[in-house]
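Here's the structure, in structure tokens; my notes come after.
The values are calculated or read from the model by the stated rules, or taken from the named source; none is laboratory data. Fair warning: this is a prediction, and the values are worked out from it, not measured in the lab. Reconstructed Cβ throughout: ideal geometry from the backbone, glycine too, with neighbour counts over all protein chains shown.
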Amino acid sequence: MPDFRVYSPLATAAAAELHLGAAESHHLVVVNRCSRGDPVVVFDGRGREWQCECADPAKTGAILTVRSTQQAPARAPELTLAQALPKGATMDEIVRQATELGVVRIIPLLTERTQVHLDGERAAKKVEKWHTGAVEAAKQCGNPWLPAFTPVQKLADLLAHAGGYELKLVASLHAGATSLRKTIETFRAKHGHAPRRVLWLVGPEGDFSPAEMTECLLAGCVPITLGPLVLRCDTAAVAALAVVGYELNC
């Protein structure tokens, strides 16, 4: 894979030449020091990539000549992370690492123990910042897909509309939590195939409340153990996604 990757959401599939905006041009030419003739991969965040050659390394409007294009297959299985909002900039790092681990959707949650409350313009700015972080992570790891971000929502609202997921999981320290491997084996035995749409719920600092955990169980979520130690919510999110990715070979 070439060292240079740039994001261009408006690029057309049949384009013979791509013109980058000022921000991407600056990052490519000034920060990464791309020169004329260097190979560059352009991606649109929806699975399409263009293999290009830098024709004009202009700092405010680089021009790339397209050599070939390809459409990556959709991520399988489709992983969604429903993450209770943590304090500070922790969510920024969760988004970056979730992008590296291939999630297709990130759902920011408000829960009883959530100490961060976003609404209106502040919420929109946060989502924009998370999207920027996801783009940076996708450039670094070579992921041609960017996760979608839903509006911030309450746990009860998510659970009420989660019927489309084949497997719903919630990270849990409670007695009775099972291993992910056993849960997937049980699913395969019952359905004859691995789950194709998976939802992972991860709580905030202090975890979901007992009442919220009961809501999750009543909605069909399977409580999954991530080990005997108490993990930070960002560590739990990464561990959960990494484990399910390993178990489902994604």
Query raised in the report: Within region 195-225, can you find the residues that are in contact with a Lys or Arg (Cβ under 6 Å, 6 or more places away or on another chain) and among the hydrophobic types (A, V, I, L, M, F, W, C)?
Result: Leu199, Cys221
Requested in this report: Working only within region 59-96, note down all residues that are farther than 23 Å from Lys125 by Cβ, touching a Ser or Thr at 6+ places or on another chain (Cβ under 6 Å) and buried (at least 16 other Cβ atoms within 10 Å of the Cβ).
Outcome: Ala62
Query raised in the report: From the set of residues in region 2-27 that are assigned to a loop (DSSP other than H, G, I, E, B) and surrounded by 18 or more Cβ atoms within 10 Å (Cβ to Cβ), which is modelled with the lowest pLDDT?
Result: Ala11
Query raised in the report: From the residues in region 166-182 that are of a type outside the set (Lys, Arg) and crowded, with 19+ Cβ neighbours inside 10 Å, which one is farthest from Cys221 (Cα to Cα)?
Result: Leu180
Query raised in the report: Yes or no: Val30 assigned to a strand (DSSP E or B) and hydrophobic (A, V, I, L, M, F, W, C)?
Result: no
Query raised in the report: How many of the residues making up region 185-196 are in contact (Cβ under 8 Å) with a residue 40 or more places away in the chain and surrounded by fewer than 17 Cβ atoms within 10 Å (Cβ to Cβ)?
Result: 1
Report task. Could you check, for region 200-210, whether at least one of its residues is in a helix (DSSP H, G or I) and surrounded by fewer than 13 Cβ atoms within 10 Å (Cβ to Cβ)? Result -> yes
Report task. Inspect all residues belonging to region 149-165 and state whether any of them is among the basic types (Lys, Arg), modelled with pLDDT of 95 or more and either over 30 Å from Gln71 (Cβ atoms) or out of contact with any helix residue (DSSP H, G or I) (no Cβ under 7 Å at 6 or more places or on another chain) (or both). Result -> no
Query raised in the report: Mind checking whether some residue in region 236-250 is acidic (Asp, Glu) and either out of contact with any Lys or Arg (no Cβ under 7 Å at 6 or more places or on another chain) or under 22 Å from Pro108 (Cβ atoms) (or both)?
Result: no
Query raised in the report: Pro223: part of a strand (DSSP E or B), in contact with a strand residue (DSSP E or B) (Cβ under 8 Å, 6 or more places away or on another chain) and under 15 Å from Lys182 (Cα atoms), yes or no?
Result: yes
